[in-house]
Amino acid sequence: MRPTGSAAELATRRKAAVRRLRAGERVADVARAFGVSRFAVYQWKRKAEEQGLRGLNATPPYMPQSRLSPDDRRRLRQILLRGALVCGFPTDHWTRQRVAQVIQQEFDIQYHPGHVSRILKAIRFSCQRPAKRARKHKERAA
């Protein structure tokens, strides 16, 4: 479980623990003082020995790079604005599966339909369902 506190606060705590180790305190005492396991203190100590105190700073989470470039996204937006009928679909209704299919055909990049929502949000498209309208009944010929 992640301890409470911001990334900067946790980094400060790790650095303070390592400073106490360098001052000669025992690992068990430092672990008890900071409310962590001895294993955690040993990890902090090893990282500080390998990389210095800067190695105890928080690292940003891994965020994979989008496979569609900004130009590709602009082009995708233009394609979607033309409509699904123009792209060869039987109705003018876009679905995530259809958008994924267009991305595959146009850019040779395969996306799972579940991830297409992120791309649509990035190009400022919102998920909307077509309005339901009552079907018009044929009037009886008199």
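Can you tell me the Rg and Dmax of the range 70-122, counting just the alpha carbons, in angstroms?
10.1, 29
In the set [x] 15.3; [y] 10.4; [z] 9.7, which value of mean projected area of the Cα convex hull in nm² was calculated from the structure you see?
[x]
Coordinate-derived values only; no laboratory data. Source: prediction; values computed, not measured.
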